[in-house]
1. Grab the beta carbon distance between K138 and N9, set R0 = 35 Å, and tell me the FRET efficiency rounded to 0.05.
2. Expected output is a single nm value to one decimal: the length gained when fully extending between V82 and V42, i.e. 0.36 nm times separation in residues minus the C-alpha distance. What is it?
3. I need the shape label for segment 3-89. Rule: rounded when a/c is under 1.5, else prolate if a/b > b/c, else oblate, with a, b, c from the alpha carbon gyration tensor.
4. Using the alpha-carbon atoms, what tilt in degrees (0 to 90, nearest 10) does helix 120-130 show relative to the longest principal axis of the chain?
5. Take the Cα radius of gyration of the chain and divide it by 2.2 N^0.38 Å, with N its residue count; two decimals is plenty.
6. So, R0 is 30 Å and r is the distance between the beta-carbons of S2 and E25; what FRET efficiency does that work out to, to 0.05?
7. For segment 3-89, what does the relative contact order come out to in percent, with C-alpha contacts under 8 Å and a separation of six or more?
8. Relative to the longest principal axis of the chain, what angle (0 to 90°, nearest 10) does the C-alpha long axis of helix 137-148 take?
Amino acid sequence: MSLFDKVNNDIKNAMLNKEPKDRLEALRAIKAAFLLAKTEKVGVELTEELELKIINKLVKQRRESADIYKTQNRADLYDREVAEMVVIEAYLPAPVSMDEIEAVIKAVIEKTGAKALTDLGKVMGIASKELAGKADGKVISEIVKRLLA
């Protein structure tokens, strides 16, 4: 079952079970993002990789919005964003440990023959694809910079 189908089923169950409004809104946001991605380009299939990319983007948006609301002392909006973020994060695979991320990046550096920070783009492109949906891009970037420095 694809992630799209799973979200559709979860929306139906949430409505039948009268689950909290935040959960239903988060699920609908996921479905809307999937539908938008499907219709953006003609003939594009929703692959698992694309679905995870969309989920990551939604989580990142919620996290950034929550940070802004927190600095503005808007607890009501902050709580809503965090609640939605928790629901959306449940659809992501378990994050990998820092050691595992570092091991993958070291393998990529070896494979590409990168020696200095000038090779950052080469390493980031491959590492980001291999760790898609498993690690945050900011974390990957920090580790690559540290290993190439």
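1. Step by step, r from the Cβ atoms, then E = 0.60.
2. My answer for the length gained is 11.0 nm.
3. Oblate is the answer for segment 3-89, as a/c is 1.5 or above yet b/c matches or exceeds a/b.
4. Helix 120-130 sits roughly 50 degrees off the main axis of the chain.
5. Working: Rg = 18.1 Å, N = 149, 2.2 N^0.38 = 14.7 Å.
Against the compact-globule rule of thumb, the ratio is 1.23.
6. 0.90
7. With pairs under 8 Å counted, the relative contact order is 33 percent.
8. 10
Values quoted throughout were computed directly from the atomic coordinates according to the rules given, and no laboratory measurement underlies them. Here the structure is a predicted model, which is why all the values come from computation and not from measurement. We place every Cβ from the backbone using ideal geometry, glycine too, and count neighbours over all the protein chains shown.
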